[in-house]
Amino acid sequence: MTTPTLSLHQVDKTFGHGRTTVHALKGADFEIYPGQFVAIIGPSGSGKSTFLTIAAGLQTPTNGEIRLNGVPLTSQSEKSRLAYRFNEIGFILQSSNLIPFLTVTEQLRLVDKVARRKFQQEHAQKLLTEFGLTKVSNAYPSELSGGERQRVAIVRALYNHPSVLLADEPTASLDVARSQDVVARLAQEAHQHHKAIIMVTHNQRLIGDCDVVYRIEDGVMSKS
Amino acid sequence: MYLGLKEMAHEKLRYTLLTSVLLLIALVVFCLAGLASGLAYGNRQAVDAWQATSIYLNKDANQNLSASQLKLADDKYITGNKVEPIATLSGTLRTKNDGLKTSISALGTARKSFLMPKVTSGHQIDGKNQIIISADIYAKGYRIGDRVRIGTTDKTVKIVGVYAKNTYSIAPTIYTDVTTLNQLRSAPITSGDNQPVNGFVTRRSQFKTDQHGELEKLTITKFIQKLPGYQAQQLTLNTMIYFLFVMALAIIGIFMFILTLQKQALFGVLKVQGIGTKHILAAILTQSMVMAIAGIALGLLITVGLAQVMPAALPFTIDWLQMGIYSAALLVAAVLGALLSWRTIAKIDPVVAIG
Ligand SMILES: Nc1ncnc2c1ncn2[C@@H]1O[C@H](COP(=O)(O)OP(=O)(O)O)[C@@H](O)[C@H]1O
Ligand SMILES: [Mg+2]
């Protein structure tokens, strides 16, 4: 295999100090390659979100190293982490990923505005068609169903051609059928379009499509 | 930009309301400014028209022209190339049988004095008992050739010319020679060097020696500040205007701050997506600038409209330079108000916002 898209080596994250110290991550090792759909599964409070936020450059690890396409993310200034998130990471949250006063198309347009380039009409059209969203492309988030909203969030995350897609319990607010639809689409995106996708979940039943599954318990990660 | 404008378009009511508040503030600022300029002009326009640098008054007159008593011969203490007497009388201009009555400021000076306004119709004063009137008196129906009375005497004088609109002490002016003015105000002496005048106005001059009788020298700037009521009026109105700038800043600041607090989660999500403080702040600045510019533009428009329908008796002048400065100040206040949320936006932690 080639170099991993994203890798973590011996990453620790502790919060607080003294008797109140919380070890949210302990010596985590992780890697993902293009075209892989990786699940991270663990109970609430086990450190899943901490892992994702560190991978996304939202917080810095206490120890250890993160590499993107083999390049260590040594520069940790707030500004370069922001650019890293904008250019390399697609982040999908549990809910409320979307900007309430922008239509579906405008959510994508905003990305181009921030990147100071023209609206990528064709690219947008392709993604919206793929995720069955053409009919709602001019709707506001409040006019969408929960499933549609998460699909828009995925499109929004994919739109800027990220190296890796991070999804933090993307199905938490959806019913079973919709959850399975969203997960299937993520798997399809990884396998057909060769994306690296990490999905965090505590739901055992959603990891059927995943290529690799990491389990996490009390901050300790293990490949299963 | 994009983010800010899209939000405004989606939340029209919210932003229209705030724009209306800014509009009202701008309108009050512009109306007060118009009144301040109007009053200032009304008080000083005649003095400005002199284009003089200093004035000599009686040192016991408390720097007040009408209270200053000198005599024509007192110019012997002054040396300079343009030194002209000035005498004042405020009274009512009346035509025969009181057909027309208007409060005016009458000013007397030498017939060939540089203080004497240039007529735009009729002729300059060239004989006894002649006056020339300002255009705003002409506008009230007084005509060249009319015989008029001023003050309490029965003496009549003849209007021989009209000059551009000109006011002093918030009343339109008429000019005449010193002798005629002294006759109109029933002075005890109305000819020769001993007749009374109120002061001497000069372009470049000084006292001949340290001995200068009862005279004191004032710069015109100082003299204007000391015009009765001038400073009190300007200070009052300007203080109100400055206070309104602070209010505009506070209103924008508080409003934008509350909105920022409400939108912390949203801003957190933006930061997660790599859209940082810079873009969020730009959106808020865009919004407050759009609202301020709309409010200011509408405020100016309404002020200009109001100026058309205002009663002529109300001293109201639109000084565009000043309106421009006040508009800019309001815009700056709006920008500063929006910047008050900077720290709050910068401190929003995306990890907390999504947690
Ligand atoms: N900012 C923080 N400060 C202190 N403790 C934190 C912070 N973030 C997370 N933790 C703690 O770290 C542990 C892991 O949290 P998290 O990664 O959110 O778990 P999960 O997403 O698996 O539910 C928890 O015990 C949590 O209380
Ligand atoms: Mg979590």
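Read the figures in this text as sums done on the coordinates, not as results from a lab. Quick caveat, the model's predicted, so the values are computed rather than measured. We place every Cβ from the backbone using ideal geometry, glycine too, and count neighbours over all the protein chains shown.
The range A:146-224 and the range B:258-286 have Cα centres lying 26 Å from one another.
Take A:Asn87 and B:Arg147, extend 7 Å from each Cα along the Cα→Cβ direction, and tell me the distance between the two endpoints in nm. If labels sit at A:Asn87 and B:Arg147, their model points lie 9.5 nm apart. For a test of the definition: using alpha carbon positions, the gyration tensor, and the 1.5 limit on a/c, classify the range B:109-179 as rounded, prolate or oblate. It comes out rounded by the Cα gyration axes. Select from A:Val152, A:Ser224, A:Ser95 the residue farthest towards the positive end of the dipole of the range A:92-224; place +1 on Cβ of Lys and Arg, -1 on Cβ of Asp and Glu, and compute about the Cα centre. Highest projection toward the positive end goes to A:Val152. Secondary structure note: in the protein assembly as shown, about 65% of the DSSP beta bridges are antiparallel. With a Förster radius of 22 Å applied to the C-beta separation of A:Thr20 and B:Val352, the computed FRET efficiency comes to 0.80.
Taking the centroid of alpha carbons for each part, the range B:314-355 and the range A:30-48 are 46 Å apart. Along the axis of the charge dipole computed for the range B:60-213 (Cβ charges of +1 for Lys and Arg, -1 for Asp and Glu, origin at the Cα centre), the listed residues B:Ile78, B:Asn64, B:Gly108 are led at the positive end by B:Gly108. Does the range B:250-307 come out rounded, prolate or oblate by the C-alpha gyration tensor, with a ≥ b ≥ c the root eigenvalues, rounded set by a/c under 1.5 and, if not, prolate when a/b is larger than b/c and oblate if not? Judged from the Cα gyration tensor, the range B:250-307 comes out prolate (a/c at least 1.5, a/b above b/c). Checking every one of the trypsin sites (Lys or Arg not before Pro) in the range A:70-141 against DSSP loop status and a limit of 14 other Cβ atoms within 10 Å picks out A:Arg116, A:Arg117, A:Lys118.
Mean partner shielding of peptide A:47-56, defined as the number of other chain Cβ atoms within 10 Å of each residue Cβ, is 2. What shape does the protein assembly as shown have by the C-alpha gyration tensor, where a ≥ b ≥ c are the square roots of the eigenvalues, rounded means a/c under 1.5, and otherwise prolate means a/b greater than b/c and oblate the rest? Because a/c hits 1.5 or more and a/b exceeds b/c, the protein assembly as shown counts as prolate. A Förster radius of 51 Å combined with the Cβ-Cβ distance from A:Thr2 to B:Leu5 puts the calculated FRET efficiency at roughly 0.70. Beta bridges per DSSP, both residues in chain B: antiparallel share near 80 percent. Counts of other chain beta carbons within 10 angstrom of each beta carbon in peptide B:261-274 average 5.
Rounded to the nearest 20, the Cβ-based charge dipole of the protein assembly as shown about its Cα centre (Lys and Arg +1, Asp and Glu -1) stands at 1820 debye. Using a cut-off of 21 Å between Cα atoms, the listed pairs B:Lys101/B:Lys155; B:Lys59/B:Lys112; B:Lys101/B:Lys226; A:Lys113/B:Lys278; A:Lys79/A:Lys118; B:Lys96/B:Lys155 include B:Lys59/B:Lys112; B:Lys101/B:Lys226; A:Lys79/A:Lys118 as exceeding that distance. Would you work out which of A:Gly42, A:Ala187, A:Leu8 lies farthest towards the positive end of the dipole of chain A? Charges go on Cβ: Lys and Arg +1, Asp and Glu -1. Projecting each Cα onto the dipole axis, the largest value belongs to A:Leu8. Between B:Leu306 and B:Asp319, the modelled labels are 1.8 nm apart [label points 7 Å from Cα along Cα→Cβ].
Put a dot 7 Å past the Cα of A:Ser173, heading toward its Cβ, do the same for B:Ile258, and the two dots end up 2.6 nm apart. Helices that extend 27 Å or more along their long axis by alpha-carbon positions and average at least 1.6 on the Kyte-Doolittle scale are, among the DSSP H runs of chain B, B:277-309, B:320-339.
Net length available on complete extension from B:Lys140 to B:Asn97 is 13.9 nm, with 0.36 nm assigned per residue and the Cα-Cα distance removed. Between B:Ala67 and B:Ala328, the C-beta separation translates, for a Förster distance of 41 Å, into a calculated FRET efficiency of about 0.55.
Counting, for every residue in A:96-103, the Cβ atoms of other protein chains within 10 Å of its Cβ and taking the mean gives 5. Loop-located trypsin sites (Lys or Arg not before Pro) in the range B:127-215 (DSSP state other than H, G, I, E, B) with a sparse environment of at most 16 neighbouring Cβ atoms within 10 Å: B:Lys128, B:Lys140, B:Arg143, B:Lys155, B:Lys165, B:Arg203, B:Arg204, B:Lys208.
When only the Cβ of Lys, Arg, Asp and Glu is charged (+1, +1, -1, -1), the dipole of chain B relative to its Cα centre reaches about 380 debye. Taken about its Cα centre, the range B:60-213 carries a charge dipole of about 480 debye when Lys and Arg each add +1 at the Cβ and Asp and Glu each add -1 at the Cβ.
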